[in-house]
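Quick notes on the structure that follows.
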Amino acid sequence: MGRVTATERRTVLLAGAGLALAAGCATRNAVAHPVPASSRAPAPPAPPALPAQLTHGPRDRPRVALTFHGGGDPATARALLTEAEKHGARVTVLAVGTWLDAHPDLARRIRDGGHDLGNHTLRHLDINAMSEADARAEIAGCAERLKRLTGSVGSWFRPSRSPTASPLVTRLAQEAGYPHVLSYDVDSLDFTSPGAAAVARKVLAEIREGSVVSLHFGYDDTVAALPVVLEELDRRGLAAVTTTELFS
């Protein structure tokens, strides 16, 4: 074989560089082939569907929901909202429709504070004992007021005079736009006026990760107990969040 001259060697190198450049461009512009389904990473499992009636949230996260029945003296409502906000807490208010009629400004106050606002029927009667037509009117009446005042019927419905809803009331609530009935696993019993210390003691004895606590506007004991509850929740590392956040 003859000796390769310098000129020939330079020609070969340049040609090789051109091929490499062409190959690189081809790699960049090539259409990627789909990865076979058998070699793809499995998709994460979908979160379990929530039941129609909810009593508590996930037990593996340091969150709780303080929920208030919206009724009674509006001064206690404002005091409780202010106290919650001082501690960086957000709450859920299930409002009675006639209470919203009397105090429409509180709907905006609740929403502006970053709290949840939901439906606790129109007149706070024993909804599970009503006929279908009357129960529907109770749910729809409060929903209409919420929508007029806030633009939304709210995310949550809680039956009146009962911690849980009958199958009929559950269906009617779903038809009105509420996928879930919100119950609770901790009852403060503040409506019995047992004293602020008793309210705080009962809540703190039973509350844990995921708990939904039932409280009320309109009671001085609740106003006095709330700072104690919130300070102890902070000490335990439990965040008081809206019900929407609890179940998200």
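Amide H contacts for His216 (H built 1.01 Å from N in the peptide plane; partners 5 or more residues away or on another chain; cut-off under 5 Å): His69. Dipole check for the stretch 47-156: with +1 at the C-beta of Lys and Arg, -1 at the C-beta of Asp and Glu, and the Cα centre as origin, the magnitude is about 400 Debye.
The phi torsions of the stretch 199-208, fed into the Karplus equation with coefficients 6.51, -1.76 and 1.60 and a -60° offset, translate into couplings of 4, 4, 5, 5, 4, 6, 6, 10, 6, 7 Hz, rounded to whole numbers, with Gly and Pro shown as x.
The charge dipole of the stretch 100-211, taken about its Cα centre with unit charges on the Cβ of Lys, Arg, Asp and Glu (plus for the first two, minus for the last two), comes to roughly 200 debye.
For the stretch 133-248, a Kirkwood radius taken over Cα pairs fed into Stokes-Einstein (10 °C, viscosity 1.306 mPa s) yields D = 101 µm²/s.
Read-outs: derived from the displayed coordinates by stated rules, not from any lab. Keep in mind that this is a model prediction, so the values were computed, not measured. Virtual Cβ from ideal backbone geometry, glycine too; neighbours counted across all protein chains shown.
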